[in-house]
Amino acid sequence: MNIHEFQGKSILAHYGVAIQRGYVASSAEEARHMAQQLKTETGTGWFVIKAQIHAGGRGKGTIQETGSRGVVLAKSLDEVPEKAAAILGGHLVTLQTRAEGKKVNKIYIAEDVYAPGASEPREFYMSILLDRSAGRNVIVYSPDGGMNIEEVAEKTPERIFKETIDPLTGVTDFQCRRIAFNFGLSGNAFKEMTRFVRSLYSAYVGCDASLFEINPVLKTSDDRIIAVDAKVTLDGNGLIRHPDYAAMRDTTEEDPIEVEAGAAGLNYVKLDGNVGCMVNGAGLAMATMDIIKLSGGDPANFLDVGGTADAKRVETAFRIILKDPSVKAILVNIFGGIVRCDRVAQGIVDAYKNIGNIQVPIIVRLQGTNAEEAKKLIDESGLAVHSAITLQEAADKVRTLIG
Amino acid sequence: MGVLVGKNSKVIVQGFTGSEGTFHAQQMIEYGTQVVGGVTPGKGGTLHLDRPVFNTVSDAVKGTGADVSIIFVPPAFAGDAIMEAADAGIKVIVTITEGIPVADMVKAKEYVKDRNATLIGPNCPGVITAGEAKVGIMPGFVFKPGHVGIVSKSGTLTYEAADQVAKAGLGVSTAIGIGGDPIIGTTTLEAVKLLMADPSTKGIIMIGEIGGELEPKAAMWIRENGTKPVVGFIAGETAPKGRTMGHAGAIVSGEHESASAKKKIMRECGITVVDSPAEIGIAMAKQLA
């Protein structure tokens, strides 16, 4: 589950990770109020205003309505409301968003941490994620912070370092030191960095994260180490023990139909094709999408109805698929194991009648327990539903119907 | 014959008295699996499905001589259940539970590795040696006894493959559902190695999907060490990059994790890769003809 920067930072701060401080606001007046408060607490005279959306590249992105960037600097308290207003409510387009951009409902008013001082500020890159093949977490870091890390990896791979973490010990002191050495730090900044890494890793484990990306990690001019940005993704399975983090979900960032499907227990992903599909099991669902393509169509969605595939779920699934106007046909592919095919077939017939007025042809392929009975039930229902038993038959029917 | 489980396996069910545990234990018993008991903390000393219930896995092992366990424990407690089974000396731990926090699996996998046990799953349909033992939730009747081994990340796609194998006039030795999570106990490669060494397996079907690098790793090993024909399929040719497709592990993060990249490597390693999931059975039959 993705969360906003301000939420990610609140988790980091909870685990003792030093962050660039700030407050969230949803109106220009609130922004001014929060900036005032921030000034009182931190003494900052300049303020960074950051759009809060679930996409990267905000600093280089543009608000469609006003031309403002997604991250701007206000050099006084008085500049804050106007600059905030140019971002709030607008649609931010970045390299990572769709062309229409993402609506900005909230902004983060943060302290200016680049103030000059005794030494030059420096930016680093650090992320923590799962190395699937090792089955272990890995800290990936580079002295080239603030840049696009994919670009660094491509042009100067020797500037990217990794520390693999043993799950039974967690991150060790020598690993923290090695990171600080590889950043070329010394003195107080060195000590601060080892502390930063240790607390960052404990935050990662403690909140059941699946990704932390801190870009940049900043060494300030007074040798503090702080997280200036925070991209935090939480492991959806871990949310069972963090109800407070589960409440951080922002459904306005998600596709509304996918949200509705999820609430009904369906796993749905919208795609751009013309043939909808409804399948039990994720692997078979992907395989069904592939067979639609091989039959000359394009899959309009991924949809896993799960193990039960009862009449109510089937009906909800049909309604969700039919919301997409580009759907020209629907392929239902159920392999009945424990669940009997004739039951599923009855569910399909009932759902079809309940919805009424379905304009697109439906191909139903039921295989497994009682497949023959199911086919008979569909064939004798008098509905415009085409039945199939083998996957190849189903594929051929898709080809005929959309051809 | 077959691998991992067979007619001599003594199986206990962790989460025995719950609704899932009860239903599937019954199904396994009907199939002929030797289910010797189960574990539900707090219900030790009682009987369930005419079999003894124990408080701990070590009690169950002492009381029944069990060497295989199947886990239906809810996600928040399943990681611990895996470690308990390994600690008690269980040799094959089949974890059906879906939705286990990744952090728990990172720990459990490490723990199991240090104790010489084989973990299958989680989030998988289990293992079946056709005609001998079913330790899983798959529909047993689909798997006709024979000589084709199946390794798969997906449940229903495994059933589909087994059904096609039967329609092609062949049967299954052992089918291993390895699961679709980012962290799984037994990889595609490890499962392929087991089947390659099994005298009753004459050909192997390897079913994968987008995400991770398990199939290419197995393919490279097969190129050097393979002694039996392998038919492969990778689901998700049409899946968009960066989206999770149902299984938590099914996401294309880099180009090398896409279906086409994986299929290319598999073909280069001498595996017969089918583009259509409807052709898995026929392709295997041709290889074994």
Taking a point 7 angstrom from the Cα of A:Ser326 along the C-beta vector, which residues in the stretch A:259-280 have backbone N less than 13 Å away? A:270-276
Cα→Cβ-extended label distance, 7 Å offset, between B:Lys113 and A:His33, nm: 5.2
Taking the Cα centroid of the stretch A:170-231 and of the stretch B:255-272, what is the distance between the two, rounded to the nearest whole Å? 38
For the stretch B:46-79 and the stretch B:182-250, distance of Cα centres in Å: 30
Could you work out, residue by residue across A:233-239, how many beta carbons of other chains sit within 10 Å of that residue's beta carbon, and then give the average as an integer? 5
How far apart, in nm, are the 7 Å Cα→Cβ label points at B:Asn225 and A:Arg224? 5.4
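What does the charge add up to near B:Val11, with Lys and Arg as +1, Asp and Glu as -1, over the other residues with Cβ less than 15 Å from its Cβ?
Details: positive: B:Lys7, B:Lys10, B:Arg51, B:Lys91, B:Lys134; negative: B:Glu30, B:Asp50, B:Asp67, B:Glu132.
Here the charged neighbours net out to +1.
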Helix A:282-294 sits off the longest principal axis of the Cα atoms of chain A, rounded to the nearest 10 on a 0 to 90 degree scale, by 70
Is the protein assembly as shown rounded, prolate or oblate when judged by the Cα gyration tensor, a ≥ b ≥ c being the square roots of its eigenvalues, rounded requiring a/c under 1.5 and prolate requiring a/b larger than b/c? prolate
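Could you give the size of the charge dipole of the stretch B:1-149 about its Cα centre, using +1 on the Cβ of each K and R and -1 on the Cβ of each D and E, expressed in debye and rounded to the nearest 20?
Numbers: 12 positive and 13 negative charges, 65 e Å.
Dipole of the stretch B:1-149, to the nearest 20 debye: 320 debye.
So how strong a dipole does chain A carry about its Cα centre when Lys and Arg Cβ are +1 and Asp and Glu Cβ are -1, to the nearest 20 debye? Please report the intermediate quantities before stating the final value.
Working: 45 positive and 51 negative charges, 35 e Å.
Using Cβ point charges on Lys, Arg, Asp and Glu, chain A gives about 160 debye.
Determine, for each peptide in A:177-188, B:66-77, the mean count of other beta carbons within 10 angstrom over its residues, then list the peptides with the highest first.
On the way: A:177-188: 15.7, B:66-77: 23.2.
Highest to lowest by the protection proxy: B:66-77, A:177-188.
Identify the trypsin sites (Lys or Arg not before Pro) of the stretch B:1-93 meeting these criteria: DSSP loop state and at most 13 other C-beta atoms within 10 Å of the C-beta.
On the way: sites: B:Lys7, B:Lys10, B:Lys43, B:Lys62, B:Lys91; in loops: B:Lys7, B:Lys10, B:Lys43, B:Lys91.
Answer by residue number: B:Lys7.
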Rank-order A:283-291, A:48-56, B:272-280, B:17-25 by packing density, defined as the average count of other C-beta atoms within 10 Å over each peptide's residues, highest first. A:283-291, A:48-56, B:272-280, B:17-25
Projecting each Cα onto the charge dipole of the protein assembly as shown (Lys/Arg +1, Asp/Glu -1 at the beta carbon, about the Cα centre), which of B:Gly136, B:Ala285, B:Thr238 comes out farthest on the positive side? B:Ala285
Can you tell me the orientation of helix A:187-206 relative to chain A, as the angle in degrees between its alpha-carbon axis and the longest Cα principal axis, to the nearest 10? 20
Residue-count net charge about A:Phe124 - beta-carbon cut-off 9 Å; Lys, Arg +1, Asp, Glu -1: 0
Using just the helices of chain A, give the 222 nm mean residue ellipticity in deg cm²/dmol: DSSP H runs with n ≥ 4 each add -39,500 (n - 2.57), and the total is spread over all residues, rounded to 500. -10500 deg cm²/dmol
Farthest toward the dipole's positive end in the stretch A:251-379, which of A:Ala351, A:Leu377, A:Gly273, given Cβ charges of +1 (Lys, Arg) and -1 (Asp, Glu) about the Cα centre? A:Leu377
Computed [θ] at 222 nm, helices only, for chain B once each DSSP H run of length n ≥ 4 contributes -39500 (n - 2.57): -10500 deg cm²/dmol
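Of the DSSP beta bridges with both residues in the stretch A:222-330, give the percent that are antiparallel, rounding to the nearest 5.
Values: 4 of 8 bridges.
Looking only at bridges with both residues in the stretch A:222-330, the antiparallel portion is about 50 percent.
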Loop-located GluC sites (Glu not before Pro) in the stretch A:170-271 whose Cβ has at most 16 other Cβ within 10 Å (DSSP): A:Glu254
Which residues among the stretch A:210-225 fall inside the zone where the amide N is under 19 Å from a point 7 Å beyond the Cα of A:Asp250, along Cα→Cβ? A:210-216
Averaged across the residues of B:234-245, what count of C-beta atoms belonging to other chains lies within 10 Å of each residue's C-beta? 6
Between 0 and 90 degrees, rounded to the nearest ten: what's the tilt of helix A:311-322 against the longest Cα principal axis of chain A? 70
Label B:Lys91 and A:Ala115 with points 7 Å out from Cα along Cα→Cβ: what is the distance between them in nm? 6.9
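Under the definition of partner shielding as Cβ atoms of other protein chains within 10 Å of a residue Cβ, what is the mean value for peptide B:83-93? Could you put the intermediate results ahead of the total?
Values: counts 0, 0, 0, 0, 0, 0, 0, 0, 0, 0, 0.
If you average over the peptide's residues, the count of other-chain Cβ atoms is 0.
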Restricting the stretch A:360-397 to GluC sites (Glu not before Pro) in coil, as DSSP defines it, with at most 14 other Cβ within 10 Å: A:Glu380
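Compute the signed sum of charges (Lys and Arg +1, Asp and Glu -1) over the other residues within less than 10 Å, Cβ to Cβ, of A:Lys231. Before the final figure, lay out the partial values.
Working: positive: none; negative: A:Glu5, A:Glu213, A:Asp229.
Here the count lands on -3.
Taken together, the values in this text are just the output of simple stated rules run on the coordinates, not laboratory data. What you see is a predicted model; the values in this text were computed from it and never measured. Neighbour counts are summed over all protein chains in view; Cβ atoms, including those assigned to glycine, are modelled from backbone coordinates with ideal geometry.
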